[in-house]
1. Scan Leu62, Leu51, Leu85 and give me the residue that is at pLDDT 80 or above and in the same structural domain as Leu106 (by TED's automatic domain parsing).
2. Does the range 25-43 hold any residues that are at pLDDT 85 or above and in contact with a strand residue (DSSP E or B) (Cβ under 9 Å, 6 or more places away or on another chain), and which are they?
3. Please specify each residue of the range 36-45 satisfying the condition of being surrounded by 10 or more Cβ atoms within 10 Å (Cβ to Cβ) and either in contact with a Gly (Cβ under 7 Å, 6 or more places away or on another chain) or not hydroxyl-bearing (Ser, Thr, Tyr) (or both).
Amino acid sequence: MVEIPPLFLSKYRLGKLSFIKMATRGTAARSASGASMSQYDVEVEKRLKVLEAENAWLKQKLEEHVSTGRTAPSPSADLSEKVELLITVLKMNPGLNIEKLSKGKL
């Protein structure tokens with residue numbers, strides 16, 4: 001703790017104040033090269049590592065898709081059933097006139 005001289009206090013009417021002395025030796029994080037890093041630099045480095053990990057994961061998934069030749073999920077029988085059910089429900093509403101709009105293809 002550093003005490004403020006009484007002369008300073010009386011001149012500026014601050015009353016009795018005491019300040020904690022700032023650390024003179026840096027306790028900042030260190031980069032790979034050994035340079036000191038500010039708190040902002042540490043936060044940015046943390047975000048960068050997360051982004052690099054996500055990028056590596058995306059590259060791996062892309063390679064998997066390229067190697068298998070798949071670019072989208074293959075349609076399943078369940079999907080066909082859902083489409084048929086949807087068409088059936090749409091045909092139930094005569095106001096939609098699905099038969100005429102599909103020219104008999106549905």
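The values are calculated or read from the model by the stated rules, or taken from the named source; none is laboratory data. Owing to the predicted nature of the structure, the values given are computational and were not obtained by experimental measurement. We place every Cβ from the backbone using ideal geometry, glycine too, and count neighbours over all the protein chains shown.
1. Working: Leu62 fails: in the same structural domain as Leu106 (by TED's automatic domain parsing); Leu51 fails: in the same structural domain as Leu106 (by TED's automatic domain parsing).
Criteria check complete, one pass: Leu85.
2. Listed by number, the residues that qualify are Ser38, Gln39, Asp41, Val42.
3. Of the range 36-45, the ones surrounded by 10 or more Cβ atoms within 10 Å (Cβ to Cβ) are 36-38, 41-45.
Residues satisfying the conditions are Ser36, Met37, Asp41, Val42, Glu43, Val44, Glu45.
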